[in-house]
Structure formats: structure tokens, C-alpha cells
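Reviewing the structure listed below.
The values are calculated or read from the model by the stated rules, or taken from the named source; none is laboratory data. For clarity, every value in this text was computed on a predicted model and none was experimentally measured. Note that each Cβ is placed from the backbone with ideal geometry, even for glycine, and that neighbours are counted across all protein chains shown.
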Amino acid sequence: MKPTVSLIKCPSYNSDDIARSVRRAVELVGGMGSYVPSGSRVLIKPNMLAPKAPDKAVTTHPEVVRAVVRLVKEAGGNPVIGDSHAIGRFKRVTGITGIAEVASDEGARLVELADAVEVKGGGTFKHFEIAREVVEADRVINLPKAKTHGQMLLTLAVKNLFGCVPGRRKVQWHFRSGVDRNAFATMLVELHNAVKPSLSIVDAVVGMEGNGPGSGKPREIGLIAAGADAFALDMVLSEIMCVPAGRLPTTRAAMKLGFAPEDITGIVCAGDFSSPAQARVEGFVLPSTSSLEWTIPEPLRKLLKDALTTRPRVDSNACENCLICKSACPAGAISEGRDSVVISYRDCIRCFCCQEMCPIGAIDIVEGWLLRYIG
């Protein structure tokens, strides 16, 4: 049976618009009652990357979280909102993003995903350390923000579950597999299978393009999308955001492992659009993530590493030397300079943690000269 993805127009973050659109999106994929048994503990996992206001399009909008909390309660579930954020203190993150206010208003518990338990993997990666709140929940509902990502091209339903890995353990995973985008994508797919979200609902009313996931530009998409199959959901949304499904690293890895449909025709779109093409956002600006490093022989790879890869670049005029990127770098490739931080490209593993963590967008991504020349 083909998986179904609902695509519902949503013109704004007005609470009534969001409530209507989220309800309809969920109803078209079975209704909340089919995912949330009465009395169950439900972990709602939004994207809370950093202490950014909702209009910056960095985090899941609080009105989307509110609408989902209300549907969970209506179905008889007990909602808990949680994430392992990347930047700042949890209280500040939840306050500025507006999610703390939603939790207080709706009587939902708000937790930082900080305590880890070991869970067996079922593929290449044999063990994961996942937040205890995720493991002990009866159901997990995934609430990603649709946006670009310097390493993974887009961060959607599958990538959002990386926030189920507590704190500094995410940095360890970047060091273990971040240097190879395909290995990191495989890890994310297998992590998804360990978490087993029951339902994913994507906030794509206003997404992010360009230098995502934390420093790009808001871009109106005008959608709420939902589905029980996160791989199918990502395939549809990537097509909408001008990325052929097979180009998204996590989708490519899922296809190879047999978890995703073979192509977009294996998915049913329901709601306001019967195909991704009808909802496509033309001219959606992607980050510079292309690389030829992993398709050439090892000796040449070492010789031409900088020329054939994308890499993070510090804007010395914008950098405030806060050293957040230094503490986040799994390879220890960043040091404090006189006016700005300095990246050692010899040690850099191209995981782009620094670009993701920079709170002011002072780090962007540039292509090597030979990669630019090849085009």
C-alpha cells in the first residue's frame, strides 16, 4: 500500500489558520486518534535549535506545537514537549521560541532531552544513545521545520529526529560519521528507525532557504504537511523545495536500505495538492553543499581536499569571537584568533557544526576553487 502524505494550504501563523490546517492534515492521514491511544504518554518533538524568535524561521512555530498538543489531548493522550537544543540554555531557548508559553497555556510538560539511554540499532550502526524521555514515551510525534541545512541540504522529518540524541553526544556522531555525508545520512535513517515516530507534521508555512539551518532567510511555502511515513514525507517536501527526492542524502540512504519508496510515484498526495509539482516553490535557494571529495581516489582526495569540497568560512567582520563554534567543533579544528575565530582546514571534517551553531550567522559555506570551476 502506498504511503499517504497530506499537503494543506496554510496562509499564516494565525492560531485559527494553524489549528484548521493541522487538524485537516492529520485527519487526511488517519486522524490523531489512530496514532494516540487514550492514556498514552506522547513525546512531541519540535525543532528548537536555538533561542530565535518564531519569525526567524529557525524553529518550529509555537502555534503549530499548540495545535498538535490540543489534538493529542483531544485524543486522550498526555503530551510532553521536548528537544535537545544546540545553542543556549534550555529555558532561554524555550522562552524566545515561544514554546514555553504554549506548554504553560496548554498544561503540557516541557522537558530538555538530556538524559541518555542506550538503544540497539538494526543496521550499520549497532547502538544509539537516545534521550530517556523518547524511549519511555508510548508515542513520538515529530514536528520539524522545513529548512535548508549546510551538510544535509535540507532538514525535514528524518533529520529532525537527530534532536532525540542528547547534547554533546550529537557532536560525537558528527565526528564519527560527519566527514562522509552518505555515512551521516545512513546514521540518520537508522536513528529514525530506532526512534520510530508514529506521525510527522511539518511546519512549512514559512520555511528557510539559503544558509540554513540557523542563518538562512525565511521563505514562504504556505503548507502544513503530515504523514506516518517520514521518508515519504521528506521525498514530497524535497520536491516542493526544488530538490529531486533522490538528491536528498537521507532519502538516498533510505532508498538504498529499502525504507523509502523507489520514486515519488510511490506516494499518494492528499489534500490541496495531488502532486509535489503543484506546490513547488520556484527559485528556492539551497545551501552550497556539493562535493566531489568522495568520488575520487584517496591520494588525490588528500591532495585536492580544499579544492574539491565545500567548507565553512568565517566572516571576520561579523564574528564576535563568542567561541560557541569552537566548543561545538568535534574535530577541534577551530581556535580563537585576534579578531575572529580561525578554522584549520587541515583538521576540518566538513560536518558544518560550526555553521549550524553560530548564533549570528557569521559562518557561511563556500565551494573549493576546482569545484566551482567544474560547476
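Note on region 168-207: residues that are of a type in the set (Val, Ile, Thr), at pLDDT below 95 and assigned to a helix (DSSP H, G or I) total 2.
Here's the yes/no breakdown for (1) assigned to a strand (DSSP E or B); (2) at pLDDT 95 or above; (3) closer than 29 Å to VAL205 by Cβ:
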residue: CYS269; (1), (2), (3): yes, yes, yes
residue: GLN278; (1), (2), (3): no, yes, yes
residue: PRO287; (1), (2), (3): no, no, yes
residue: ARG301; (1), (2), (3): no, no, no
residue: LEU308; (1), (2), (3): no, no, no
residue: CYS325; (1), (2), (3): no, no, no
residue: ALA331; (1), (2), (3): no, no, no
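Based on this model, can you work out whether VAL69 counts as at pLDDT below 95 and of a type in the set (A, V, I, L, M)? Judged against the criteria, VAL69 is not a match. Scanning region 208-229 for residues that are farther than 30 Å from VAL366 by Cβ, outside any strand (DSSP E or B) and not aliphatic (A, V, I, L, M) yields one hit, ASP229. Taken together, CYS242, CYS164 contain a single residue that is surrounded by fewer than 19 Cβ atoms within 10 Å (Cβ to Cβ) and either closer than 26 Å to MET357 by Cα or out of contact with any strand residue (DSSP E or B) (no Cβ under 6 Å at 6 or more places or on another chain) (or both), which is CYS242. For region 85-101, a tally of residues being within 17 Å of the chain's Cα centre (by Cα) and surrounded by 24 or more Cβ atoms within 10 Å (Cβ to Cβ) returns 1.
Across region 89-112, a minimum of one residue is classified as in contact with a helix residue (DSSP H, G or I) (Cβ under 9 Å, 6 or more places away or on another chain), over 18 Å from THR59 (Cβ atoms) and in a strand (DSSP E or B).
Of the set (1) assigned to a loop (DSSP other than H, G, I, E, B); (2) buried (at least 22 other Cβ atoms within 10 Å of the Cβ); (3) not acidic (Asp, Glu), all apply to THR124 but (2). Count of region 25-53 residues, restricted to those that are farther than 25 Å from LYS196 by Cβ and either surrounded by fewer than 20 Cβ atoms within 10 Å (Cβ to Cβ) or not assigned by TED's automatic domain parsing to the domain that holds VAL102 (or both), is 2. Across region 1-24, the qualifying residues are those that are part of a loop (DSSP other than H, G, I, E, B) and at pLDDT 95 or above, and the one among them that is surrounded by the most Cβ atoms within 10 Å (Cβ to Cβ) is CYS10.
Residues in region 309-347 that are closer than 22 Å to GLY210 by Cβ and either without any contact (Cβ under 8 Å) to a residue 24 or more places away in the chain or touching a Ser or Thr at 6+ places or on another chain (Cβ under 9 Å) (or both): 12 in all.
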